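The values are calculated or read from the model by the stated rules, or taken from the named source; none is laboratory data. Quick caveat: nothing in here was measured; it's all calculated off a predicted structure. Cβ coordinates were reconstructed from backbone atoms using ideal geometry, including for glycine residues, and neighbour counts include every protein chain displayed. SASA here: full protein model, heavy atoms, side chains in, ligands and nucleic acids out. Shrake-Rupley method; radii C 1.70, N 1.55, O 1.52, S 1.80 Å.
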Amino acid sequence: MIEIVTEVDLFHPPARTWRALTERPLLAKWFADSAPGSDRWILATAALPGYDGDTEVETVELRAPHRLVVRCREAGRATRLACDLTPTAHGTRLSVREVLEEGDWDADARAEQHEQAVTGRLPAILDWLAFQNVDLRRAEGGLTAELPVVRLLGDDKRRPGRRRVLLAAGTVTLIAAAAGATVWATADEPPAPAAPTPTTSLVMPSSATPSARPTTARPTPSASRRSASPSPTPSPTPSRTPSATPSTVAAAPLTATYETVTDRVFGYRGEVVLRNPGPSPRPGWTVTVTLHDGATVGSVSGAEATQDGTVVTFTGGALPGGESATIRFDVRDPDPQHDSPAACTADNTPCTPA
């Protein structure tokens, strides 16, 4: 029998810890999203390190808020995982015990993922939940102030105590998360140079050469009076060749798609792809994203960004016809259940899902 045990002392009551283990939106923030279900459901673990696919989970025992036992199947492996919550003087002692029943696994790697998930991300969610219940403005008669706090994983003074027992080699686990933080580095792409504006030359024709003046007839000796001189023939008025009028083509409206490319405990990374479907270049463009209350935009690539309240305005240079521009931006949001902006528009047209 192969077994891994991880224990951690949390400065939170059992009821709050139970919520983080069983409520789908909270579980998705520190571990993985799940499809709705009652006794059986699917955890989206295929994208997590150490997993070869999604995990089918079946509830074996459920005694809120003290004990949760599930059976997990993933890529030909089967495990039985038990979470026991014991009240302590300062909060809760959480014991996560996993037994491999079928297949094999790298025990050391899986045990490390146990520790990262239970002692890293789980306390961050619990801290946020705790501050939802603290009325920091009670004396002012206002609403409860939400103050998110994420404990630094490297702070040994505040890090909850833990111990890990490895009883055999190889296992599969349900409670696991990727070790370390993801670093995004996206180089800014310089805006494409504006296409030169076509010019139309106006051709001015030269004036016609005036005709010669006729000579005056000489009178004969027998004439009693001079003959009247004929009127000169007027020169033709030079005509102007009409100039070519440049045609005006209406620019096609820009289109945009939005996608959340990375979801974190207190924030996410969004991506907007802006497209110019028309043949004419656009000298400049604007994309507007509306965040939730309390959220702020961090690093941005592919555009210039300014934030006013919850509204973030992205601007960029020329966008040639048929081309696209990509904007990526990090958002810090105090509510771990938010994983996308409240709204996104380009040319006053809503962005569509990618």
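Note on A252 and Q337: with the Förster distance fixed at 30 Å, the Cβ-Cβ geometry gives a FRET efficiency of about 0.20.
So if R0 is 45 Å, what FRET efficiency would T345 and D52 give, r being the distance between their Cβ atoms, rounded to the nearest 0.05? Calculated transfer efficiency: 0.65.
Working from label points 7 Å from Cα in the Cα-to-Cβ sense, the D9 to T310 distance is 4.2 nm. Model label points for S324 and E259, set 7 angstrom from Cα along the Cα-to-Cβ axis, are 0.8 nm apart.
Based on the mean of other Cβ atoms within 10 Å per residue, sort peptides 277-284, 4-11, 347-354, 313-320 so the most packed one is first. All intermediate terms of the calculation are to be shown ahead of the outcome.
Working: 277-284: 14.6, 4-11: 20.9, 347-354: 12.6, 313-320: 17.5.
So the peptides 277-284, 4-11, 347-354, 313-320, ranked by packing, come out 4-11, 313-320, 277-284, 347-354.
Within the set of other residues whose C-beta is less than 11 Å from the C-beta of E23, count the net charge using Lys and Arg as +1 and Asp and Glu as -1. If you can, show how the numbers build up before the last one.
Working: positive: R16, R19, R24, K29; negative: none.
Net charge around E23: +4.
Roughly to the nearest percent, how much of the accessible area of region 264-354 is carbon and sulfur, given a 1.4 Å probe? Carbon-and-sulfur percentage of accessible area, whole number: 47.
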